[in-house]
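Just so you know, all these numbers are worked out from the coordinates, no wet-lab data involved. Here the structure is a predicted model, which means the values were calculated and not measured. So basically every Cβ, Gly included, is an ideal-geometry build from the backbone, and we count neighbours across all protein chains shown.
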Amino acid sequence: MTGPLKIAYKPVGLLSGVVGGILASQVFALIWKQVSDEDETPAPLSEDYSTREVLFAAALQGAVFGLIKAAVDRYGMKWFRRFMDKPRPPSSAVVTP
């Protein structure tokens, strides 16, 4: 993207980040309920859970957030390009002079 388009994308990126965070939080809550049969994740400083449970919850949460953030960022950028930028040729296309 060129300079002006990068600036124009900032609000879209910010909004998609917020939406992605909310979505990731909801997805993680659903997954955690299925995995542990508990409504809340173990707090890192809570003595009610083992270290293994706390670290597993943190790793799972990081994976879910990372995956959803990458997907939301990627599709947000694609949507933005579709409406604001000229189409890109496929990367496998051969350019003839």
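Quick notes
- Leading residue at positive end of dipole, the chain (Cβ point charges), from Phe28, Ser50, Met84: Met84
- Other residues lying with their Cβ under 11 Å from the Cβ of Thr41 contribute a combined charge of -3, Lys and Arg counting +1, Asp and Glu -1.
- Only Lys, Arg (+1) and Asp, Glu (-1) charged, at Cβ; the chain dipole about Cα centre in debye: 1140
- Helix-only [θ]222 nm of the chain, DSSP H runs n ≥ 4, -39500 (n - 2.57) each, per residue, nearest 500: -25500 deg cm²/dmol
- For Rg and Dmax of the Cα atoms in Å, the value calculated from this model appears in (i) 19.5, 68; (ii) 23.5, 88; (iii) 26.8, 93 under label (i).
- Angle between the chain longest axis and helix 3-36 axis [Cα atoms, degrees, rounded to 10]: 30
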